[in-house]
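Working notes for the structure below.
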Amino acid sequence: MSASAAPEIAELEEQERRLTLPRFTHDDAWTLGTLLVELARERDAPVAVDIRRGGQQLFHAALPGSTPDNDAWIDRKRRVVERYGCSSLLVGSRFRAKGTTFEDSSRLDPDAYAAHGGAFPLAVKDTGVIGTVVVSGLPQIEDHRLVVEALEKFLNA
């Protein structure tokens, strides 16, 4: 995947298959969240990070340079993952592949839903999607990449 180009749909689908977790506990949320914060700090990335399981927020951090607007974006992107069961970037990409946009064709309120990169499903093997991990503050492809990188490191730890 090039530095600025969006990943292809097949690559996004493969990421979700590959990044299925064996389990996801409160402690796992802390570990993944602090890993995301460490990666963001290394890059001086002005992001907010949010991890939820079901309806419970297990981790939230707002790094220097992030704003309350990032929290609003987190909520909008998270709702897309909760509704569609896949990453917010994949949802937006699927709409664009059909020659339309999420905003024009989803029939969902754009003030409540945003199919922009940065929200990723937390899927557990033999269970399915149980939560979300979301980053907001960078361009959407970079938000998505940061989440994927952290999940890869988390799974390989």
Measure out, as a whole number of angstrom, how far apart the alpha-carbon centroids of the stretch 86-157 and the stretch 11-36 sit.
13 Å
Treating the Cα atoms of the stretch 22-157 as identical point scatterers in vacuum, please give the log10 of the normalised Debye intensity I(q)/I(0) at q = 0.19, 0.21 Å⁻¹, two decimals.
-1.05, -1.25
The size of the Cβ-based charge dipole (Lys, Arg +1; Asp, Glu -1) of the chain about the Cα centre, to the nearest 20 debye, is 360 debye
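Give, in nm to one decimal, the length gained when the segment between ALA61 and GLU42 is fully stretched (0.36 nm per residue of separation minus the Cα-Cα distance). Don't skip to the end; give the middle numbers.
Values: separation 19, 0.36 × 19 = 6.84 nm, distance 1.51 nm.
Full extension from ALA61 to GLU42 adds 5.3 nm.
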Extreme residue, positive dipole direction of the chain, given options GLY33, PRO139, LEU108 (C-beta unit charges):
LEU108
What order, most packed first, do the peptides 141-149, 50-58 have when packing is the mean number of other Cβ atoms within 10 Å of each residue?
141-149, 50-58
Quick check on the chain: helices-only [θ] at 222 nm, where DSSP H runs of length 4 and up contribute -39,500 (n - 2.57) each and the sum goes over total residues. Nearest 500, please.
-15000 deg cm²/dmol
Listed peptides 19-30, 38-49 by packing density, highest first (mean Cβ within 10 Å)
38-49, 19-30
The lysines whose Cα lies under 30 Å from the Cα of LYS153, excluding any fewer than 8 residues away in the same chain, are LYS77, LYS125
With every protein chain in place, the stretch 24-85: carbon and sulfur % of accessible area (1.4 Å):
47 percent
At 0.36 nm per residue, and after removing the present C-alpha to C-alpha distance, how many nm does the segment from THR31 to GLU13 gain when stretched out fully?
4.0 nm
I'd like to verify something in the chain: which complete DSSP H helices, judged by Cα projection on the helix axis, reach 15 Å or more and average at least -1.0 on the Kyte-Doolittle scale?
26-42, 140-156
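The values are calculated or read from the model by the stated rules, or taken from the named source; none is laboratory data. Just so we're clear, the structure is a prediction, and the values are computed from it rather than from any experiment. All Cβ positions, even for glycine, are placed from backbone atoms using ideal geometry, and neighbour counts span all protein chains on display. Only protein heavy atoms, including side chains, enter the accessible area calculation; ligands, DNA and RNA are left aside. Shrake-Rupley method; radii C 1.70, N 1.55, O 1.52, S 1.80 Å.
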